[in-house]
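Remarks on the structure that follows.
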Amino acid sequence: MEKKIRKAIFAGSFDPITNGHLDVICRASKLFDELQIGVLYNPNKKGLFNFDERVKLIEECTSHLGNIKVVSFNGLLVDYCGDNGIDTLVRGIRSGADVEYELQMAHMNKELNPNIETIILPTSTKYSFISSSLIKEVLAFNADIKNLVPDIVLKELKRKANRGEKICM
Ligand code: PNS
């Protein structure tokens, strides 16, 4: 019998990808044959990085893992999963504060498509305070964030700052 490929998706906005995201991605990639990173495409929301920049940064940060596919989606995540043979959603939690929101999303997604399971991975403690929003907030005040984002992201952030681009949330 042909072996079924186990596919999961880790979805988010990734504006930009952080060391916390990368930690969850590295660990989840070991649990599945293919881990898709689903970048939410929202043309109405102007972030710090445009959609193509976010995708490129994620691709560069994860190329060493070998089983990552970076994809875009809009609309319901469970619909994307249903259309693409994915039956597992991966989410990370940093602290108790995330648990309530993640449970709510997991239950809603289960209601929307009972065939899809959510797996929640606790972020490593050293990354438990990192969020893309907080990074942008402190960056706007020129804080040193070198321990919080992958090197390639840091390089792009510096390039934006040198070009005088405004750090927008
Ligand atoms: O970066 P985030 O905010 O953690 O990502 C949240 C995301 C994009 C995974 C979530 O908002 C989502 O799945 N959005 C797509 C629309 C959808 O399916 N909404 C129902 C969620 S229960």
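Coordinate-derived values only; no laboratory data. It should be emphasised that the depicted structure is a prediction, and the values quoted were computed from it without experimental measurement. Every residue, glycine as well, gets a Cβ built from its backbone with ideal geometry; the counts of neighbours run over all protein chains shown.
Side notes on the structure shown:
- The count of lysine pairs in segment 1-95 with alpha-carbon distances below 22 Å, taking only pairs 8 or more places apart or on different chains, stands at 12.
- Sparse-neighbourhood loop sites, trypsin sites (Lys or Arg not before Pro) in segment 12-63 - DSSP loop, at most 14 other Cβ within 10 angstrom: Lys30, Lys45, Lys46
- Cβ-based net charge around Lys69, under 12 Å, with every Lys or Arg adding one and every Asp or Glu removing one: -2
- Charge tally for Asp98 (other residues, Cβ to Cβ under 15 Å; Lys, Arg +1; Asp, Glu -1): -1.
- Ellipticity estimate at 222 nm from DSSP helix runs (n ≥ 4, -39,500 (n - 2.57)) divided over the chain, nearest 500: -12000 deg cm²/dmol
- Ranked Leu31, Leu154, criterion: other C-beta atoms within 10 Å, fewest first: Leu31, Leu154
- Working note: Cα gyration tensor of segment 7-162, eigenvalues times five, square-rooted, sorted largest first, giving semi-axes of 25, 17, 15 Å.
- Considering only Leu35, Ser132, Thr88, and ranking their Cα positions along the charge dipole of the chain that arises from unit charges at the beta-carbon of Lys, Arg, Asp and Glu, the one farthest toward the positive end is Ser132.
- Relative contact order for segment 7-162: 31 percent, from Cα pairs under 8 Å spaced at least 6 residues apart, divided by residue count.
- Take each peptide in 13-23, 87-97, count the other Cβ atoms within 10 Å of every residue, and average; sorted highest first, the result is 13-23, 87-97.
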